[in-house]
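Heads up: the structure comes next, in structure tokens.
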Amino acid sequence: MGEQQDPSADEVGCKLISLNIEFSGGLEMLFSNQRSHRIQIPVKDSSEQPANVGFLVRHLCENLMKDKRKDLFVLEDRIRPGILVLINDADWELEGEEEYLIQDGDTILFVSTLHGG
Amino acid sequence: MGEQQDPSADEVGCKLISLNIEFSGGLEMLFSNQRSHRIQIPVKDSSEQPANVGFLVRHLCENLMKDKRKDLFVLEDRIRPGILVLINDADWELEGEEEYLIQDGDTILFVSTLHGG
Amino acid sequence: ANKSEVKLSLEEYKRYGRQMILPEIGIEGQMSLKRSRVLIVGVGGLGCPAAAYLAGAGVGTLGVIDHDTVENSNLHRQIIHSTSRVGAPKVVSAITYLRDLNPHPNYVPHVEPLTTENALQIMAEYDLVLDCTDHPAIRYLINDVAVVMNIPIVSASALRTDGQLIVLNNPPGVGPCYRCVWPRPPPAESVVGCGEGGILGPVVGLMGIMQAIEAIKIITKNPARDIGRTTMTLFAAYGASPFRCLKMRGKKAGCVACGSPERVGEKITREGIEDGRMDYVAFCGGRAGMREL
Amino acid sequence: ANKSEVKLSLEEYKRYGRQMILPEIGIEGQMSLKRSRVLIVGVGGLGCPAAAYLAGAGVGTLGVIDHDTVENSNLHRQIIHSTSRVGAPKVVSAITYLRDLNPHPNYVPHVEPLTTENALQIMAEYDLVLDCTDHPAIRYLINDVAVVMNIPIVSASALRTDGQLIVLNNPPGVGPCYRCVWPRPPPAESVVGCGEGGILGPVVGLMGIMQAIEAIKIITKNPARDIGRTTMTLFAAYGASPFRCLKMRGKKAGCVACGSPERVGEKITREGIEDGRMDYVAFCGGRAGMREL
Ligand SMILES: [Zn+2]
Ligand SMILES: [Zn+2]
């Protein structure tokens, strides 16, 4: 999974960035039971703003999430309480949360907090 | 510990490469009790050949190893049996062993095999 | 911490010899272990191995709190209980095992649930708490009391084939607390327990052992050694790369438990916990007024 | 593997319910566990937790081999023994504990050292071996016999505050064996045991639990699932990043144990082990002719 040097483009000429999306703590069950996904998203959102984590979350909800129970992942358009978001293994709080601008080759990990013992 | 883009040069104009040297399984005791070292070595060895792992091992023995018991690290100029060498977390057998040419930013890990239980 | 005089008997020197020769422990560390008072909340899948290894290591006072009794469905993972003790209180079963492993520690049984009524009084007797529980409500309670009491928390959890570990409020007042990381509780419907989701025995065992390791590191730490940023360890038994070490946020200035919230009235206090103003069950989406966690 | 009919009683359904609801285990996996025959070589710091969690999980036949007796200096890390059983053979002490944890498995005691004389006969009765020993000589012996017998090895080791884990000969004849990775033994003077170097109890405990996890994964594996490249897991309790997953070499074509060495006479065979031609102690730099490992 080497970092791509240049963002590729899709058919209509819209620039794409590649990233690794990972799920842990049971969230993978909402995403086809797959812990790791290699996806591409547009460089810019529909209002021509550079893609940030907030946009990524909406994108995942609409495109990658097959499960109907959206509220196990998002509540009121934001990541639900109890889910940690890690950007390249660092807490997204350290990176600016939703505002962080996605870089080509980033790994974004979503962890559902466990409570069993 | 980001990868350096350009090898730096020392005073006499000799090119250097930076790498991370790590020790585990007790080998760190032979190297000032430090598990992780950030070092620089010349790009070429004394016979103008590009620096490979064989050269690195001799370099570590002469420069980084303060302990006198060299034979706990090398035997007949080669890594002693029972020590695994990992190049960027992959067994050096997969990379060409002594012949592997060191790249700037590489992490080389030396692991002494444990036998206790 | 308590710097009272402790002595080691000849039997103890022999018993702990293999760990006392480690430079990380030494005689000093062994004395620190003997002086330490550790509370294990919940003696289930996490608490069993954590208690076994801390007792083995020679922690001086080991408190165990749990209101539950041993069932045969516990035994695939709760390895300090036994078939012959099915039906006994878990705390009694655990101490039976622990005392035979190592007679030296002072074992303190608490056969009751940890509640807002007793938590302050119980936790006042300890220097370190291991959160080995299985519900968010009690995790918030342990956190708030530990912050009030100035003691670190070694927190772990497990479900199915995954586990998570984080050390909180360490050092007290410096590291983030549970509320710094999780200010809002998860929606009740998203919380899955081991009964419902299942659990692989050695997975929760691994997390409990990791709690014992972290506890020993905290108790025996060279005070001069600085403590880096808080990390969270993830384990996934079936993951491509089973272990991950995550760099976590620091303490939040406005945290209602360990910080100074903008609205002063939101600050969680000893009094607020004691007089029942804090309804942890309701906070986590359960029925208000239910005291049982 | 042995596909004999096994049935689960109602008590077993209840006992294993929390792991049977996992998709990775299920009823099929539980039956595979019950059919499996696992040998644990060495019931010390690694073997204790490995045995506890495999017994808890419902392995059908659990063999335990060790010639040693329980000492009080073992108890900080060998948590299935006890103070009241000091002086008893470790195998007897272990099975006393295991039987009370779970009466269902068939426990097979072997109170003797594993030697070139008995290894082939003993290991012939098992489908999987856990190497929980403490010396290179016996690790080579276990390897050579496991290769001859076509069974996987879950191998771990620990010293001071570090641990290592690797699964070998898995699947048999496909994955690398111990000699593929370590063709030459370490110089005798470089080998440090836990007695000399010391060991932190929960560190070796963690490695033993990881052996139990790997064993369960091997026993319950969906045969269709392909097994990737062999990895080695390193643990360092005091390391900046405590866990590391290393990508290891594959099986060596010329390996004297599992491959076809250029010089045919070097190939290790059942006969060569049985008739004492292989002197493992001398190979590892000990006194030739010493049969005790
Ligand atoms: Zn806080
Ligand atoms: Zn081989």
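Quick notes
- Cβ-Cβ distance of C:Ile27 and D:Glu196, R₀ of 22 Å, FRET efficiency by 1/(1 + (r/R0)^6): the value works out to about 0.75.
- In a simple Cβ point-charge model (Lys, Arg +1; Asp, Glu -1; nothing else charged), the range A:16-112 has a dipole of about 560 debye relative to its Cα centre.
- Each label was represented as a point 7 Å from its Cα along the Cα-to-Cβ direction; for B:His37 and B:Asp89 these points are 2.3 nm apart.
- The residues B:Ser24, D:Ser157, B:Ser47, when put in order of fewest to most other Cβ atoms within 10 Å, stand as B:Ser47, B:Ser24, D:Ser157.
- For C:Glu112, inter-copy label distances in nm, listed shortest first [label point 7 Å out on the Cα-Cβ vector]: 5.7
- Partners of D:Lys7 within straight-line reach, counting lysines whose Cα lies under 17 Å from its Cα and excluding those fewer than 8 residues away in the same chain: D:Lys34.
- Each copy carries a label point for C:Glu5 at 7 Å from Cα along the beta-carbon vector; from one copy to the others these points are 7.3 nm apart, nearest first.
- Furthest towards positive pole of dipole, B:Thr107, D:Gly175, C:Ile25, structure part the protein assembly as shown, Cβ charges: C:Ile25
- Each part reduced to its alpha carbon centroid, the range A:30-48 and the range D:56-76 end up 49 Å apart.
- Cβ-to-Cβ counts within 10 Å put D:Cys258, C:Cys48 in ascending order as D:Cys258, C:Cys48, the fewest first.
- Amide H to amide H, with H built 1.01 Å from N, A:Ile17 comes under 5 Å of A:Ile41, A:Val43, counting only residues 5 or more places away or on other chains.
- With a cut-off of 11 Å between beta carbons, the residues surrounding C:Thr269 carry a summed charge of -2, where Lys and Arg count +1 and Asp and Glu -1.
- By the count of other C-beta atoms within 10 Å, a proxy for reagent exposure, D:Met207, C:Met20 are ordered fewest to most as C:Met20, D:Met207.
- Projected onto planes of every orientation and averaged, the convex hull of the alpha-carbon atoms in the protein assembly as shown covers 37.9 nm².
- Minimum Cβ-to-axis distance in chain D for the rotation onto chain C, with residue, whole Å: D:Phe243, 2
- Selection from B:Phe23, B:Gln49, B:Ala90, by position along the positive dipole direction of the range B:16-112 (Cβ): B:Phe23
- Mean separation of Cα contacts under 8 Å (6+ apart) over length of the range B:16-112, as relative contact order %: 40 percent
- Rounded is the label for chain D, because the ratio a/c of its alpha-carbon gyration tensor axes (a ≥ b ≥ c) stays below 1.5.
- Whether the range C:67-209 is rounded, prolate or oblate, judged on the alpha carbon gyration tensor where a/c under 1.5 counts as rounded: oblate
- Note on chain C: with a GNM built from Cα contacts shorter than 10 Å, the maximum mean-square fluctuation among C:Glu266, C:Glu214, C:Glu189 falls on C:Glu189.
- If you take all other residues with their beta carbon under 9 Å from the beta carbon of B:Arg58, and give Lys and Arg +1 and Asp and Glu -1, the sum is -3.
- Look at the stretch C:245-251: the mean tally of other chain Cβ atoms within 10 Å of its residues' Cβ atoms is 5.
- Springs join every pair of Cα atoms under 10 Å in this Gaussian network model of chain A, and among A:Glu95, A:Glu76, A:Glu28 the largest mean-square fluctuation is at A:Glu76.
- Peptide C:79-86 - average C-beta neighbours from other chains (10 Å radius): 5
- Pair D:Leu120, B:Lys66: separation of 7 Å Cα→Cβ label points (nm): 5.3 nm
- Cα-centre dipole for the range C:122-275 with unit charges at Cβ (Lys and Arg positive, Asp and Glu negative), debye to 20: 740 debye
- Neighbouring Cβ atoms from other chains, within 10 Å of the Cβ of residues in D:208-216, number 6 on average.
- Mean Cα-pair separation over length for chain C, i.e. relative contact order, pairs under 8 Å, 6 or more apart, %: 19 percent
- Approximating the spin labels as points 7 Å out from Cα along Cα→Cβ, the D:Lys7-to-A:Lys44 distance works out to 7.1 nm.
- Fluctuation leader among C:Gly87, C:Gly47, C:Gly58 - chain C, Gaussian network, Cα springs under 10 angstrom: C:Gly87
- Net charge over other residues, Cβ less than 12 angstrom from the Cβ of D:Lys252 (K, R count +1; D, E count -1): 0
- Shape class for chain B, computed from the alpha carbon gyration tensor (a ≥ b ≥ c): prolate, with a/c not under 1.5 and a/b above b/c.
- Across the identical copies, how the D:Pro23 labels are spaced - nm, sorted shortest first, 7 Å along Cα→Cβ: 4.8
- Couplings 3J(HN,Hα) of the range C:197-203, computed from phi: x, x, 7, 8, x, x, 5 Hz, in residue order, whole Hz [Karplus 6.51 cos²θ - 1.76 cosθ + 1.60, θ = phi - 60°; x for Gly and Pro].
- Relative contact order (percent, whole number), the range D:148-286, Cα cutoff 8 Å, 6+ residue spacing: 28 percent
- Sum of -39500 (n - 2.57) over DSSP H runs of 4+, divided by residues of chain D (222 nm, nearest 500): -9500 deg cm²/dmol
- Once backbone amide H atoms are built at 1.01 Å from N, C:Ala88 has C:Val70 as its partners under 5 Å, excluding neighbours fewer than 5 places away on the same chain.
Only the coordinates and a few stated rules stand behind these numbers; no lab work does. Since the model is a prediction, treat every value here as computed from it, not as a measurement. Here Cβ is always computed from backbone atoms with ideal geometry, including for glycine, and neighbour counts include all displayed protein chains.
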